[in-house]
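Here is the structure we will look at, set down as structure tokens.
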Amino acid sequence: MEIIKNNWQSIKENIRKEFEITDIAYNIWIEPLKYSNYKDNTVTILVPNNHTQMVDYISKKYKSCFQVIISEFVGTMCEIVFTLENKEEENEEISGENTASEDSSKPGKSKLSNLLKDANLNKKYRFETFVVGSNNNMAHSACLAVAESPGKDFNPLFIYGGSGLGKTHLMNSIGHYIVEHNNNMKVLYVTSEEFTNEVIESIRLGNSSGNMSSMTKLREKYRNIDVLLIDDIQFIIGKPSTQEEFFYTFNALHSAGKAIIISSDKHPKEMNTLDERFRSRFEWGLIVDIQPPVYETRVAILRKYAETFNKIIPNEVIDYIATNIKSNVRELEGALNKVNAYSKINQNRTIDMELAEEALKDMIFPDKPKIVTPNLILEVVSEHFGIDLEDITSTKRTKKIVTPRQIFMYLCREMTDTTLEGIGALLERDHSTVKHGYDQISKDIEKNPEFKETIETLKSKIISS
């Protein structure tokens with residue numbers, strides 16, 4: 001119908017005004033929608049997304065809005081159907097019933113401050129400061145959907161991806177949005193490490209006092225909230241008491257219709273040692289991933305971050321960083337921080353390509369592959385643990401020496417092509433001793449997240465040396 005096609009933008013704008021849709025929600029959900037056709041009193045609207053559940057969410061949330069506004073243009077009530085843009089030819093139409101309107105009342109300033117403090121949120125991380133790209137669009141959309149209807153859509157929401165890609169940013173964004181738009185909801189963000197420490201402390205206090213009031217208080221704290229955001233859930237693996245407490249907390253919240261948002265570095269199916277009962281529960285809702293940012297997104301992230309420096313960052317410098325640093329957001333921002341700091345310590349020298357190359361020479365090696373040798377590993381390990389090189393190759397058996405020695409064995413095997421016999425020759429030991437050391441470190445990495453982090457730190461130091 002031409003009247004709908006010619007007035008499509010006006011229809012969307014009228015929906016925004018009539019139903020007081022926030023700018024964030026409008027830009028994410030309404031603005032991208034496209035008019036397809038009108039047939040048999042049915043208007044088909046295209047959703048440019050890649051997940052059927054997103055179509056279902058938009059249909060439930062905004063179907064009645066489109067019915068009301070479009071009827072004003074055409075003079076009759078129409079049926080509304082939403083379908084994926086790339087599946088229109090397959091006619092995969094998904095519709096839904098309208099949900100009840102949300103309580104849009106916002107808390108006062110002082111109450112908001114207290115709610116944010118209680119929620120344990122990072123004030124830097126909001127939807128407004130998150131850069132959306134093809135690598136994270138699905139995760140961003142899902143998080144906004146949960147923020148708008150906590151506990152109703154995609155519960156639990158499970159976000160996974162590598163370190164520094166924005167999982168924590170999105171989780172905090174959900175928390176901020178809910179606190180600021182729902183003054184009657186209790187929100188809590190915690191890392192799995194914080195949760196573990198609370199469980200351990202409650203058990204300790206209970207054992208020392210002879211009663212379990214501390215554990216009761218812990219359960220009351222976590223089971224009387226409306227939204228639980230728990231970061232890096234992989235770190236509860238191998239901690240029986242923590243897992244048990246989280247299991248019952250999860251069940252209590254989910255059965256009460258409370259929102260649960262979880263993040264991890266891996267998909268539940270890739271977490272080999274994860275208890276099957278957790279795996280099945282994590283799959284009840286929606287699982288979304290975040291990939292490393294593509295070039296265009298890296299540029300957008302850097303430009304957004306550069307706005308905080310109050311100085312001009314040339315496009316060629318942005319391009320240089322975006323081209324050479326590809327792994328994650330944290331490293332991109334770290335590189336720009338390094339350029340800015342280098343400028344400051346050099347009498348506020350103007351930032352240009354020459355300065356950027358000088359500042360980042362230790363981070364960026366465009367055409368220079370890193371060669372890792374056993375000697376390099378030996379130097380880094382000895383420096384990290386504050387022991388002499390000779391101690392690692394000696395016959396000393398103190399724990400202070402044995403652990404770094406075994407770490408050296410492990411890293412040599414992982415980062416070089418040196419054989420067990422070759423590593424043994426460097427240490428004047430046989431290959432079975434080296435294999436035992438390698439196996440011991442592998443086990444420690446598997447069961448101790450902090451130890452795993454130490455190994456990753458050493459690898460980074462070796463590569464950047």
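Inside the stretch 237-254, residues that are touching a helix residue (DSSP H, G or I) at 6+ places or on another chain (Cβ under 9 Å), part of a helix (DSSP H, G or I) and within 19 Å of GLU446 (Cα to Cα) make up a count of 3. Figure legend. Inter-residue proximity from the stretch 370-383: first residues of a type in the set (S, T, N, Q), second residues assigned to a loop (DSSP other than H, G, I, E, B) and loosely packed, with under 15 Cβ neighbours inside 10 Å, beta-carbon distance below 7 Å, spacing 6+ or different chains. Indicated pairs: SER382/ASP388.
Given the conditions (1) farther than 26 Å from HIS140 by Cα; (2) not in a helix (DSSP H, G or I), report the number of the one that ILE230 does not fulfil. Among (1) farther than 26 Å from HIS140 by Cα; (2) not in a helix (DSSP H, G or I), ILE230 violates only (1).
Kindly evaluate LYS370 against the criterion of being in a loop (DSSP other than H, G, I, E, B) and either modelled with pLDDT of 90 or more or not polar (S, T, N, Q) (or both). Considered against the rule, which asks whether it is in a loop (DSSP other than H, G, I, E, B) and either modelled with pLDDT of 90 or more or not polar (S, T, N, Q) (or both), LYS370 comes out as yes.
Restricting attention to the stretch 309-334, report how many residues are surrounded by fewer than 19 Cβ atoms within 10 Å (Cβ to Cβ) and over 24 Å from GLY162 (Cβ atoms). Qualifying residue count for the region: 7.
For first residues located in the stretch 7-27 and assigned to a helix (DSSP H, G or I), partners that are of a type in the set (Asp, Glu) and surrounded by 15 or more Cβ atoms within 10 Å (Cβ to Cβ) and lie 6+ apart or on another chain with Cβ distances below 7 Å form the pairs ALA25/GLU148. Evaluate the stretch 272-284: report whether one residue or more is aromatic (Phe, Trp, Tyr), over 16 Å from the mean Cα position of the chain (by Cα) and not in a loop (DSSP other than H, G, I, E, B). Among the residues of the stretch 272-284, at least one is aromatic (Phe, Trp, Tyr), over 16 Å from the mean Cα position of the chain (by Cα) and not in a loop (DSSP other than H, G, I, E, B), which makes the answer yes. Checking SER64, SER71 one by one, the residue that is within 30 Å of VAL187 (Cβ to Cβ), small (Gly, Ala, Ser), at pLDDT 85 or above and not assigned by TED's automatic domain parsing to the domain that holds MET171 is SER64 and no other. If you go through the stretch 376-407 and keep only what is buried (at least 20 other Cβ atoms within 10 Å of the Cβ) and among the basic types (Lys, Arg), you end up with just ARG405.
Residues of the stretch 408-435 that are loosely packed, with under 13 Cβ neighbours inside 10 Å and within 21 Å of SER382 (Cβ to Cβ): GLU428 alone. Residue-level check: of (1) farther than 25 Å from GLU148 by Cβ; (2) of a type in the set (Lys, Arg); (3) modelled with pLDDT of 90 or more, LYS258 misses just (1). For the stretch 423-436, the criterion of being in a helix (DSSP H, G or I), of a type in the set (Gly, Ala, Ser) and more than 30 Å from GLY238 (Cα to Cα) is satisfied by at least one residue. In the stretch 335-357, the qualifying residues are those that are buried (at least 16 other Cβ atoms within 10 Å of the Cβ) and small (Gly, Ala, Ser), and the one that is farthest from the chain's Cα centre (by Cα) is SER343. Is one or more of the residues making up the stretch 190-204 part of a loop (DSSP other than H, G, I, E, B) and either among the hydroxyl-bearing types (Ser, Thr, Tyr) or surrounded by 15 or more Cβ atoms within 10 Å (Cβ to Cβ) (or both)? No, every residue in the stretch 190-204 fails to be part of a loop (DSSP other than H, G, I, E, B) and either among the hydroxyl-bearing types (Ser, Thr, Tyr) or surrounded by 15 or more Cβ atoms within 10 Å (Cβ to Cβ) (or both).
Once the stretch 270-298 is narrowed to residues that are touching a residue at least 12 places away in the same chain (Cβ under 8 Å) and of a type in the set (Lys, Arg), the residue that is farthest from LEU157 (Cα to Cα) is ARG298. Look at the stretch 249-269: where a residue is in contact (Cβ under 8 Å) with a residue 60 or more places away in the chain and a partner is small (Gly, Ala, Ser), sitting 6+ places away or on another chain with Cβ atoms under 7 Å, you get GLY257/GLY151; LYS258/GLY151; ALA259/GLY151; ASP265/GLY162; ASP265/SER163. Cβ separations smaller than 7 Å between residues 6+ apart or across chains give the following pairs from the stretch 147-162 residues that are without any contact (Cβ under 8 Å) to a residue 40 or more places away in the chain to residues that are crowded, with 23+ Cβ neighbours inside 10 Å and of a type in the set (Ser, Thr, Tyr): ALA147/TYR177. Selection of the stretch 237-290 for residues being loosely packed, with under 15 Cβ neighbours inside 10 Å, of a type outside the set (Ser, Thr, Tyr) and under 22 Å from ASP226 (Cβ atoms) yields ASN251, ALA252, ALA256, GLY257, TRP284. Taking the conditions exactly as written (touching an Asp or Glu at 6+ places or on another chain (Cβ under 6 Å), within 17 Å of VAL199 (Cα to Cα) and either surrounded by fewer than 14 Cβ atoms within 10 Å (Cβ to Cβ) or not hydrophobic (A, V, I, L, M, F, W, C) (or both)), does GLN234 satisfy them or not? Spelling it out, GLN234 is indeed touching an Asp or Glu at 6+ places or on another chain (Cβ under 6 Å), within 17 Å of VAL199 (Cα to Cα) and either surrounded by fewer than 14 Cβ atoms within 10 Å (Cβ to Cβ) or not hydrophobic (A, V, I, L, M, F, W, C) (or both).
The values are calculated or read from the model by the stated rules, or taken from the named source; none is laboratory data. Computed from a predicted model, the values in this text were never measured in an experiment. Note that we place each Cβ from the backbone using ideal geometry, even for glycine, and neighbour counts take in every protein chain shown.
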